[in-house]
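The values are calculated or read from the model by the stated rules, or taken from the named source; none is laboratory data. Because the structure is predicted, anything quoted here is derived from the model rather than measured. Counting neighbours? That spans all protein chains shown, and the Cβs are built from the backbone with ideal geometry, glycine included. Please note that ligands, DNA and RNA were not included when accessible areas were found on the heavy atoms of the full protein model with its side chains. Shrake-Rupley method; radii C 1.70, N 1.55, O 1.52, S 1.80 Å.
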Amino acid sequence: MRFRERLYRFMQGRNGVDALAKCLNKLSFGCLIVAILFTFISVICLRHAAPTGALVFRILYYVTYGIGLLLMGLWIFRVFSRNVAKRQKENTRYLYRVQKCERRFASLKQRWKDRKTFKYFRCPQCRQMIRAPRHKGKIRVTCSKCTHVFITKT
Ligand SMILES: [Zn+2]
C-alpha cells in the first residue's frame, strides 16, 4: 500500500491519463508493432537475396520506430505534466476533433445507406448539406439554413 500512496502523492497536481494520452499510447504501441513487422520483412528480404527491399524495410523500420518513440515521449510528457490547464485544453480540442470526425463518418454512412432514395447536394450560397428524394425531376429547394432558393435536378 505504501507504493500506492507514494504514487498517488507523486501524481497529485499532474495531468494523469486522459483521452488524448490514451490515444497517444495506442498510436505509439501501434507504430512499434509495425516497426517490428518491418524488421521481419527486412530479414526475409535478405534471406531471399533482395538487398534493395531489405534496405527499404530497414529505413521504414527506423522511421516507424522513431515515430513510435516520439509518441511515447509525448504520452509520458502528458501524463506527468504539471501544466494541467494547458493539457486539459489540448484534451478538449482533441475530443472536439474526434467528435467532428465521428459526425462526418456517421453522415457519410447515412448518405451511403440512402444513396438510392435521396440525392445530397450543397446550398450554393452557404454550403449547407441538403438532401432531397431522387427521381422527382427539377425541384425548387429552399435552404434550411440561409433560406436561399434555387432549382436543382434530382
Ligand atoms: Zn444555404
Practice task
Would you grab the residues whose amide H sits under 5 Å from the one on Lys119? Only those 5+ places off in sequence or on another chain, please, with H modelled 1.01 Å from N.
Solution key: Ala132, Arg134
Completion exercise
Filtering the chain for DSSP H helices with an axial alpha carbon extent of at least 30 Å and a Kyte-Doolittle mean of at least -0.5 returns 19-47, 51-80
Exercise for the section: Could you please put Tyr65, Tyr96, Tyr120, Tyr8 in sequence from largest to smallest accessible area, using a 1.4 Å probe? Expected result: Tyr8, Tyr96, Tyr65, Tyr120
Exercise for the section: Over the stretch 114-154, calculate the relative contact order: mean separation of alpha carbon pairs under 8 Å at least 6 apart, over the residue count, as a percent. Expected result: 34
Problem - Relative contact order of the chain, defined on C-alpha pairs under 8 angstrom at six or more residues apart (%) - result: 20
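Given the Cα-Cα distance of Arg14 and Arg140 and 0.36 nm per residue of separation, how much length would full extension add, in nm?
On the way: separation 126, 0.36 × 126 = 45.36 nm, distance 5.78 nm.
Between Arg14 and Arg140, full extension yields an extra 39.6 nm.
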Practice task
Using Cα positions and a limit of under 15 Å, work out the aspartates and glutamates in reach of Lys26, with same-chain residues fewer than 8 apart set aside.
Solution key: Asp18
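Can you tell me the mean projection area, over all orientations, of the convex hull of the stretch 2-66's alpha carbons? Units nm², please. Can you show the working numbers first?
Details: hull surface 24.7 nm².
Computed as one quarter of the Cα hull surface, the answer is 6.2 nm².
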Fill in the blank from the handout: Label model pair Glu102, Phe118: point-to-point distance (7 angstrom along the Cα→beta-carbon line) in nm is 2.0
Fill in the blank from the handout: Each label sits 7 Å from Cα toward the beta-carbon; between Thr39 and Gln88 the label points are separated, in nm, by 4.1
Practice task
Pairs to check: Lys22/Lys100; Lys22/Lys89; Lys100/Lys136. Give those whose C-alpha atoms are more than 25 Å from each other in this structure.
Solution key: Lys100/Lys136
Exercise for the section: Leaving ligands, DNA and RNA out of it, rank Thr154, Thr142 by accessible area with a 1.4 Å probe, largest first. Expected result: Thr142, Thr154
Completion exercise
With every protein chain in place, the accessible area of Arg58 for a 1.4 Å probe, in Å² rounded to the nearest 10, comes to 90
Practice task
Between the alpha-carbon centers of the stretch 126-145 and the stretch 73-94, tell me the distance in whole angstrom.
Solution key: 44
Problem - Radius of gyration and maximum dimension Dmax of the chain, Cα, Å - result: 25.5, 75
